[in-house]
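Visitor: Input: one structure, supplied below.
The values are calculated or read from the model by the stated rules, or taken from the named source; none is laboratory data. The model shown is predicted, which means the values in this text are computed figures rather than measured ones. Note: ideal-geometry Cβ built from the backbone for every residue, glycine included; neighbour counts use all protein chains shown. Only protein heavy atoms, including side chains, enter the accessible area calculation; ligands, DNA and RNA are left aside. Shrake-Rupley method; radii C 1.70, N 1.55, O 1.52, S 1.80 Å.
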Amino acid sequence: MERRVGTSTKDNPPVSSNANRQWGGRFAEGPSAIMEAINASIGFDRKMWRQDIRGSLAHAAMLKHVGIISADDEAAIRDGLDRIAGRIEGGDFPFDEALEDIHMNIEARLSAMIGDAGKRLHTGRSRNDQVALDVRLWVRDAIDGLSGQVQDVMRALVARAEEHAGTVMPGFTHLQPAQPVTLGHHFLAYVEMLSRDLSRLGDCRARLNECPLGAAALAGTGFPIDRHMTAKALGFDGPTRNSLDSVASRDFAAEFLFCCSMTATHLSRLAEEIVIWTNPYFGFVKLSDAFTTGSSIMPQKRNPDAAELVRGKTGRVVGALVGLLTVMKGLAMTYFKDMQEDKEGVFDAAETLTLSLAATAGMVRDLKPDVGRLAAAAGAGFSTATDLADWLVRELKMPFRDAHHVTGALVAKAEGMGVDLSGLTIEEMREAEPRIHEGVYDVLSVAASVRSRTSYGGTAPANVAAMAAEWKAKLA
C-alpha cells in the first residue's frame, strides 16, 4: 500500500521538527548550508598556512622580477603576508569557513589589509597549482621532521645493541624457539628496517621536489612568468614539466603515505614484541611506569599500553594510504574536488607516525632486559640442535641431510628423557651415530652457538659489536 507523506501509523510515526534538528543539526538551513560545509576545507588545510605564505612570497617576488607587478605592490604584499603570518602564529587570525580554504582566507585578508596590491597576487596562478604546491611543501617539511625522528629511534636501538652485544636470547621462527641469538643482534635487525624506511623517505623527497607553481588551472598561463625562479626560491630542483600532470597528480602524497605505512609497520612489529616480552610468562623485559598503565580493577596489572597503541595506530596510517589511492583511482585529467580528500589522511598519518616514533624511542631507551631470563630461554627448546647438525657435517663429514636425520633422532631421545641435548651421554648419542665423540659438547652450549655464527651479518657478539659501532658512526 502506498504511504502518503505526513500520514502517521504505528510503524511510521511522523517526523517532528525536533528530530530534524537533532539529526540535521547545522544543516537545517537547507542545501546551501550543506554545500558550504562539504565544500570547505579550512578546518583542516589551515595546517598549510606556512607553506601557503611561503609560496605566495616566492610568487610575488617573481611577479615583480618579470615586471607583472610593481616593486611597491610586491613590498606591500610581503609586508602584509608577514603580518598575517604573525597573527596566525599568535592565534589571532579569524579563519572564515565561507572562504573555503587556507588560500582564500589568506588572500582575502591580505586584500582587505593592502587593497589592490593584494588582489594582484593571484596573477599567473590558480588555486589548483597553489594547493599542489602547498601540499608538496608540507609533505617535504614532514619528511624532514620524520627522518630526524627515524634516526633518533635508530640511535636508541644502536645504543641498546651495543650494550647487549653479548646478551643471549632465543631466536624465533613461527614464534617457536629456533636458534640462540643475541639481544643486540635483535635490536640491530630493527635498525636495518628503519634504515630502509629512512632511505624511502629520502627517495620520496627527491621525487616530489619539483615545483608545480605556474601550471595555473591546468594549461599554464599566458603571463611571462619565470617558473624556474619560483622553483629555486622554494628549494625545488626545478619546475614540473607538464601543466596537466602538475595539478592532476598526487602520487607524491601516496608515496609519502606508503613510506609512513611501512615505517609504522616496522614500529608495530617491535611494539608487538615488547607486548610479548613484557608478559610475565615471557618476562624478557620490563617497562617503567612511564610507558605502562594500571588496571581500574586489577591492582597487579602493568599494561604495555604505549606499545599497544603504537601497534594499533598503524591501522590509521595504512588506512590513509588506502583512502588516498581509492580517491585517485577513478579520476580523469585533471583537477577534481575529490582531491581535497588528500590532505586529512596525509596530515593524520604524519602526526600519528610522529607520535609513534617518539613513543618507540622512549620505550627502547626505557626497557630493562632480564638477562638471566633471556639466557634461560635461549637454551630451551633444543635451540642448539642446528649446531649439533653442523658439527656432524664438519667433524664426521656427513651429508647435511643425514646429519639432520641423526640430530632429529637425538632431539627425540632427549625430549623423551626430559633433558636437553647436552644432558645426553656419549653412549646415548652413539646409539644414533657411533662416531660421535666428546668434542660434540663444545657446540651444545648457547654461548658456543652464538659465538660460532661469525658469517657476515651473523649473531656472533663480535659481529654485533662491530656492526653497532658502524651504525653509531653513521648516525653520529
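Visitor: Of the residues Asp342, Asp338, Asp348, which single one is closer than 30 Å to Val131 by Cβ, open to solvent by 30 Å² or more (accessible area, probe 1.4 Å) and either of a type in the set (S, T, N, Q) or touching a Leu at 6+ places or on another chain (Cβ under 9 Å) (or both)?
Guide: Answer to the check: Asp338.
Visitor: In the list Ala76, Ala98, which residue meets the criterion of being modelled with pLDDT under 95, in a helix (DSSP H, G or I) and more than 18 Å from Leu133 (Cβ to Cβ)?
Guide: Ala98
Visitor: Let me ask another. When both residues are 6+ apart or on different chains and their Cβ atoms are under 6 Å apart, which pairs have a first residue that lies in segment 365-387 and is among the acidic types (Asp, Glu), and a second that is surrounded by 17 or more Cβ atoms within 10 Å (Cβ to Cβ) and not in a loop (DSSP other than H, G, I, E, B)?
Guide: Close Cβ pairs (under 6 Å, with a partner that is surrounded by 17 or more Cβ atoms within 10 Å (Cβ to Cβ) and not in a loop (DSSP other than H, G, I, E, B)) amount to Asp366/Phe291; Asp387/Val443; Asp387/Ser449.
Visitor: Next question. Which residue is least open to solvent (accessible area, probe 1.4 Å), if the candidates are limited to segment 66-77 and must be touching a helix residue (DSSP H, G or I) at 6+ places or on another chain (Cβ under 6 Å) and either charged (D, E, K, R) or within 13 Å of Thr230 (Cα to Cα) (or both)?
Guide: Glu74
Visitor: Let me ask you something else. Go over the candidates Gly416, Gly439 one by one and state the one that is in contact (Cβ under 8 Å) with a residue 40 or more places away in the chain and not hydroxyl-bearing (Ser, Thr, Tyr).
Guide: Going through Gly416, Gly439 in turn, just one is in contact (Cβ under 8 Å) with a residue 40 or more places away in the chain and not hydroxyl-bearing (Ser, Thr, Tyr): Gly439.
Visitor: Here's a follow-up. Scan Met417, Met398 and give me the residue that is out of contact with any helix residue (DSSP H, G or I) (no Cβ under 6 Å at 6 or more places or on another chain) and not aromatic (Phe, Trp, Tyr).
Guide: After ruling out the rest, the residue left standing is Met417.
Visitor: I've got another one for you. Quick one: which of Arg200, Arg155, Arg136, Arg207 is surrounded by 22 or more Cβ atoms within 10 Å (Cβ to Cβ), closer than 27 Å to Met262 by Cβ and among the basic types (Lys, Arg)? So that I can check it myself, show each step before the final result.
Guide: Details: Arg200 fails: surrounded by 22 or more Cβ atoms within 10 Å (Cβ to Cβ); Arg155 fails: surrounded by 22 or more Cβ atoms within 10 Å (Cβ to Cβ); Arg207 fails: surrounded by 22 or more Cβ atoms within 10 Å (Cβ to Cβ).
Arg136 is the lone residue from the list that is surrounded by 22 or more Cβ atoms within 10 Å (Cβ to Cβ), closer than 27 Å to Met262 by Cβ and among the basic types (Lys, Arg).
Visitor: Looking at Leu475, is it farther than 19 Å from His186 by Cβ, open to solvent by less than 60 Å² (accessible area, probe 1.4 Å) and in contact with a helix residue (DSSP H, G or I) (Cβ under 6 Å, 6 or more places away or on another chain)?
Guide: For Leu475, the condition - farther than 19 Å from His186 by Cβ, open to solvent by less than 60 Å² (accessible area, probe 1.4 Å) and in contact with a helix residue (DSSP H, G or I) (Cβ under 6 Å, 6 or more places away or on another chain) - is not met.
Every residue, every condition in (1) more than 18 Å from the chain's Cα centre (by Cα); (2) open to solvent by less than 50 Å² (accessible area, probe 1.4 Å); (3) within 30 Å of Asn128 (Cβ to Cβ), yes or no:
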{"site": "Asp245", "(1), (2), (3)": "yes, no, yes"}
{"site": "Phe252", "(1), (2), (3)": "no, yes, yes"}
{"site": "Phe258", "(1), (2), (3)": "no, no, yes"}
{"site": "Ala264", "(1), (2), (3)": "no, yes, no"}
{"site": "Phe284", "(1), (2), (3)": "yes, yes, no"}
{"site": "Thr292", "(1), (2), (3)": "yes, yes, no"}
{"site": "Ser295", "(1), (2), (3)": "yes, yes, no"}
{"site": "Lys301", "(1), (2), (3)": "yes, no, no"}
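Visitor: Hey, another quick one. Can you list the helices (runs of 4 or more DSSP H) lying wholly within segment 115-231 that have 3 or more residues being within 18 Å of Met48 (Cα to Cα) and among the aliphatic types (A, V, I, L, M)?
Guide: 127-163
Visitor: Also, I was wondering about something else. Against the condition under 30 Å from Tyr190 (Cα atoms), modelled with pLDDT of 95 or more and buried (at least 20 other Cβ atoms within 10 Å of the Cβ), how does Val131 come out, does it pass?
Guide: no
Visitor: Let me confirm something: among Leu194, Leu175, which residue is open to solvent by less than 40 Å² (accessible area, probe 1.4 Å) and within 30 Å of Arg373 (Cβ to Cβ)?
Guide: None of the other options fit; the residue is Leu194.
Visitor: Scanning segment 158-170 for residues that are among the aliphatic types (A, V, I, L, M) and either crowded, with 22+ Cβ neighbours inside 10 Å or in contact with an Asp or Glu (Cβ under 6 Å, 6 or more places away or on another chain) (or both), which turns out farthest from Leu257 (Cα to Cα)?
Guide: Restricting to residues being among the aliphatic types (A, V, I, L, M) and either crowded, with 22+ Cβ neighbours inside 10 Å or in contact with an Asp or Glu (Cβ under 6 Å, 6 or more places away or on another chain) (or both), the top hit is Val168.
Visitor: Return the pairs, sorted by first residue and then second, in which the second residue is among the small types (Gly, Ala, Ser) and assigned to a loop (DSSP other than H, G, I, E, B), the first residue lies in segment 320-343 and is more than 14 Å from Leu257 (Cα to Cα) and touching a residue at least 60 places away in the same chain (Cβ under 8 Å), the beta carbons are less than 6 Å apart, and the residues are 6+ apart or on different chains.
Guide: Pairs that qualify, where the first residue is more than 14 Å from Leu257 (Cα to Cα) and touching a residue at least 60 places away in the same chain (Cβ under 8 Å) and the partner is among the small types (Gly, Ala, Ser) and assigned to a loop (DSSP other than H, G, I, E, B), are Gln340/Ser41.
Visitor: May I pose another question? Might you check whether a residue that is farther than 19 Å from Asp45 by Cα, polar (S, T, N, Q), open to solvent by 70 Å² or more (accessible area, probe 1.4 Å) and part of a helix (DSSP H, G or I) occurs anywhere in segment 315-327?
Guide: Yes, that holds for at least one residue.
Visitor: Can you run down the residue pairs with Cβ atoms below 6 Å, 6 or more apart or on separate chains, where the first is in segment 160-189 and within 20 Å of Gly381 (Cα to Cα) and the partner is of a type in the set (D, E, K, R) and crowded, with 24+ Cβ neighbours inside 10 Å?
Guide: Once the first residue is within 20 Å of Gly381 (Cα to Cα) and sits in segment 160-189, no partner that is of a type in the set (D, E, K, R) and crowded, with 24+ Cβ neighbours inside 10 Å comes close enough.
Visitor: Another question, then. Condition (residue is among the small types (Gly, Ala, Ser) and closer than 23 Å to Val327 by Cα) applied to segment 226-245: is it met by at least one residue?
Guide: yes
Visitor: Right, something else. Could you tell me which residue of segment 416-445 is nearest to Gly379 (Cα to Cα), considering only residues that are of a type in the set (D, E, K, R) and loosely packed, with under 13 Cβ neighbours inside 10 Å?
Guide: Among those residues, the one meeting the criterion is Asp442.
Visitor: Here's another thing I want to ask about it. Every residue in segment 36-50 that is open to solvent by 10 Å² or more (accessible area, probe 1.4 Å) and under 16 Å from Phe93 (Cα atoms), please.
Guide: Gly43, Phe44, Arg46, Lys47, Trp49, Arg50
Visitor: Filter segment 351-376 down to the residues that are more than 25 Å from Ala165 (Cβ to Cβ) and of a type in the set (Gly, Ala, Ser), then identify the one that is surrounded by the most Cβ atoms within 10 Å (Cβ to Cβ).
Guide: Within segment 351-376, the subset more than 25 Å from Ala165 (Cβ to Cβ) is 351-356, 358-359.
Still in the list and also of a type in the set (Gly, Ala, Ser): 356, 358-359.
On the way: Ser356: 27, Ala358: 15, Ala359: 20.
That would be Ser356.
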